[in-house]
Every structure is written in C-alpha cells, then in structure tokens.
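Take a look at the structure set out below.
The values are calculated or read from the model by the stated rules, or taken from the named source; none is laboratory data. Quick caveat, the model's predicted, so the values are computed rather than measured. Quick reminder, even Gly has a Cβ in these numbers, built from the backbone with ideal geometry, and neighbours come from all protein chains shown. Note: accessible area is taken over every heavy atom of the protein model, side chains too, but ligands, DNA and RNA are not part of it. Shrake-Rupley method; radii C 1.70, N 1.55, O 1.52, S 1.80 Å.
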Amino acid sequence: MHFQYLIIHCTATPAGRWVSPEDVKRWHTAPKPYGNGWKQVGYSDLILLDGSRHQFVKHNNDQIIDSFEITNGVAGINSISRHLCYVGGLDKTFHQAQDTRTPQQIETMLTIIQEVLAYAPTIKIAGHNQFASKACPSFFVPEWLRMVGIAERNIEGRKSVKI
C-alpha cells in the first residue's frame, strides 16, 4: 500500500522512567493477559530517553508499506502508515498526559521526520490522538510541527479526538 501517514505515539509511561525496546516488544507481543498478543510490535521506531533510536521493523525507505513493514499503531490505517514512538507521555504520578520528550528525543524525532520526508515527500504527519480517543502522544502534533517548520502540506489537519 502507498505510504500516507507517519503517526507519532508515546509509551504512556511516567516522565523519566526508563523503558527498553524489550519492554515495549513484550507489552505488544506477549500473550494475553501479559501483553496484547500481537504478532508484530506496534511501532516502527522507538526513541529512548537519551535520544537513541531503536528500529523494531526494518523499512526499505520507499513510498510503499510492504507487508513486512506493517505495525499495529492505529487500527484501520496500519497498512498505509509508519508509527514512531517516544518513551514517556505521562507525568511522574502516572495520572496525567504530559509531553515529556527530552531535548534528545525531540532532536531524534525531527531527524526521523526529515529522513521520512526525504523519501516520502507527500506523507502527512499526525499524532495517534488525531485518529483515536487517546491522549497519545500527549501533545498536539500539528501545532508542534508548525513550530518546528514542517511544511503545511505534510501536517495532518484533522482535530485531536482527545488530549
């Protein structure tokens, strides 16, 4: 399928709490009730607190989402999307959605966005909360994208369902 969306997510974990790629993989792929029981992790890439990047799913950097590149990020659009996740998204009390991205995570997120736009210049970038009634990624992606200078043609215009 033709690559149409880059969706930004958070792990919905408290600010500053270390989460490993193995943790995320277990949450998604372990059998229920210990995980979601999915065959594939929900994200293409994970940005750790220190800004390092873990690629769960290798992608061939073209404008097609091949079957091996599909992840379970947003029901109904996974075959046309890549999913980028940062560790964090909740305040330290674990009760409130909060943009907890570190400067290093923001830098890596921007790097990934620029990489994707280089090979897929027509994609739209959005937050999970623009497609589902969730706080994830705990900020309004279009507003942030405009602040960092991403072209309007690459910003998904739909409103947030929930923040």
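Being part of a loop (DSSP other than H, G, I, E, B), open to solvent by less than 50 Å² (accessible area, probe 1.4 Å) and farther than 15 Å from GLY73 by Cα is the filter here; which residues of the range 1-25 pass it?
Residues satisfying the conditions are ALA15, VAL19, SER20.
Can you pull out the residues in the range 26-64 that are more than 27 Å from THR122 (Cα to Cα), of a type in the set (S, T, N, Q) and touching a helix residue (DSSP H, G or I) at 6+ places or on another chain (Cβ under 9 Å)?
Correct list: ASN36 only.
Out of the range 119-137, which residues are under 18 Å from ALA151 (Cβ atoms) and open to solvent by 20 Å² or more (accessible area, probe 1.4 Å)?
Correct list: TYR119, PRO121, THR122, LYS124.
Taking the range 91-118, which residues are open to solvent by 40 Å² or more (accessible area, probe 1.4 Å), at pLDDT 95 or above and not polar (S, T, N, Q)?
Scanning the range 91-118 gives ALA97, ASP99, PRO103, ILE106, GLU107, LEU110, GLU115, ALA118.
Does at least one position in the range 140-152 carry a residue that is closer than 23 Å to ARG17 by Cα, assigned to a helix (DSSP H, G or I) and in contact with a Ser or Thr (Cβ under 8 Å, 6 or more places away or on another chain)?
No - not one qualifying residue is present in the range 140-152.
Going by the conditions given, is GLY42 open to solvent by less than 60 Å² (accessible area, probe 1.4 Å), at pLDDT below 95 and under 21 Å from VAL141 (Cβ atoms)?
Details: open to solvent by less than 60 Å² (accessible area, probe 1.4 Å): yes; at pLDDT below 95: yes; under 21 Å from VAL141 (Cβ atoms): yes.
Yes.
Just checking, which of HIS59, HIS28 is touching an Asp or Glu at 6+ places or on another chain (Cβ under 6 Å) and open to solvent by less than 60 Å² (accessible area, probe 1.4 Å)?
HIS59
Output the number of the condition that LEU90 fails; it satisfies all remaining conditions of (1) out of contact with any Gly (no Cβ under 8 Å at 6 or more places or on another chain); (2) more than 14 Å from ARG17 (Cα to Cα).
Failed condition: (2).
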